[in-house]
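Every read-out reported here was derived from the displayed coordinates using simple, explicitly stated rules and does not represent laboratory data. Everything numeric in this text was worked out from a predicted model, so none of it was measured. With ideal geometry, Cβ positions are generated from the backbone for all residues, glycine too; neighbour counts draw on all protein chains shown.
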Amino acid sequence: MRILITGSTGTIGRQIVAQLVEQGHAVRALTRNPEASVPGAEMVVGDLSRPDTLIPALDGVEAVHLINFDGGGLQGLDTGPALVELVRAAGVRRVTVLRGGDETSIEKAVQDSDLAWTFVQPVEFMSNTFAWVAAVREGTIREPFLSRRSAMVHEADIAAVAVVALTQDGHGGKTYTVTGPEALTVPEKVAILSQAVGRDIALVELTEAQAREKWAAEGLPAHVIDFLVWVYGNTPEIGYTVVSTVEDLTGRPARSFADWCAEHAPAFQ
Ligand SMILES: NC(=O)c1ccc[n+]([C@@H]2O[C@H](COP(=O)([O-])OP(=O)(O)OC[C@H]3O[C@@H](n4cnc5c(N)ncnc54)[C@H](OP(=O)(O)O)[C@@H]3O)[C@@H](O)[C@H]2O)c1
């Protein structure tokens, strides 16, 4: 199969490409950056906010993985109808969409089409933990809402679910929430990370106001700070409820946070 992956240079897209290549599929990887490369993939330049730029990328493709945002600010794409028209015209049958944030024109257009679509809806990525690299090196993590629980998921497991939906029949019209195997509080996460890096890490609870100040100083845009306060302060049930999607679809248990920390411990040294 030839499969087009959008968001291919990103956290989840790179994992999807790697797993498809490992399974022997021909992978075309979309990027806006002519200099970018993703191992094992045929690179193709295009921009989802300008649908016509995808016409060459779609040639000869049987399945497509879509992101629903435009750029680093994660602004929702408004080009869904035009993109879906091109995807259908190219003869594509299966489409996966990586969901996050509010529903966009992508989800609406895909749902209104006759494509075999699958929505992949992850909870918090384990890779968000990279935001703690500097704090771990300094020895103190400062976070608000320490008692919130998160069913955080390994990015390779999010990709594995998308890969199944892209390559196998029977997943059309489904929305798959993807979580890790346990819901952890912040102190539990820090204890696991501390064990993996082999030293104590102090944890200091911030008030909401202190957290807003810290995130603003780190350069996060206001809408992202508002989102973080909302999601950490009032985590919706989906964010802390463990589901068995990874095992159901892939036949093996979801990777744990301890697995993630063991893999990435060198980055925190
Ligand atoms: N982080 C979390 O905890 C979490 C949890 C649930 C859901 N999510 C969702 O996951 C998504 C983010 O995924 P990610 O972390 O894998 O992304 P990422 O690492 O930020 O990568 C962004 C990717 O999107 C591509 N891209 C952006 N705008 C584009 C455009 N206009 N046309 C073509 N490509 C474009 C970039 O390609 P180039 O720069 O190479 O062009 C890059 O490959 C968001 O929808 C978010 O809401 C995140």
Under a point spin-label approximation (7 Å from Cα along Cα-to-Cβ), what is the THR250-ASP112 distance to one decimal in nm? 3.5
DSSP-defined antiparallel bridges as percent of all bridges, the chain, nearest 5: 10
Restricting everything to alpha-carbon atoms, can you work out Rg to Rh for region 2-122 with a Kirkwood hydrodynamic radius? 0.92
Gain in length, ALA258 to GLU205, computed as 0.36 nm per residue apart minus the alpha-carbon separation, to one decimal in nm? 16.8 nm
Determine ³J(HN,Hα), in whole Hz, for all residues of region 166-172 in sequence, where each value follows from phi through the Karplus function 6.51 cos²θ - 1.76 cosθ + 1.60 and θ = phi - 60°; x replaces Gly and Pro. 6, 10, 10, 6, x, 10, x
Given charges of +1 on the Cβ of Lys and Arg and -1 on the Cβ of Asp and Glu, with all other atoms neutral, how large is the dipole of the chain about its Cα centre, in debye to the nearest 20? 300
At what distance in angstrom do the alpha carbon centres of region 220-269 and region 88-128 lie from each other? 19
For region 155-207 and region 6-81, compute the distance between their C-alpha centroids and round to whole Å. 23
Which net charge results for the neighbourhood of THR175, defined as the other residues with beta-carbon distances under 13 angstrom from its beta-carbon, given Lys and Arg at +1 and Asp and Glu at -1? 0
Over region 2-122, relative contact order from alpha-carbon pairs under 8 Å, at least 6 apart, %: 21
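Only Cα pairs under 8 Å and at least 6 apart count here; give the relative contact order of the chain as a rounded whole percent.
17
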Surrounding net charge for ARG149, when Lys and Arg each add one and Asp and Glu each subtract one, Cβ distance under 12 Å: -2
Total charge dipole magnitude, region 2-122, about the Cα centre, Cβ charges on Lys, Arg, Asp, Glu only, Debye to nearest 20: 260
Cα-based reach from LYS174 at 24 Å (exclusive), listing lysines while leaving out same-chain residues under 8 positions away: LYS108
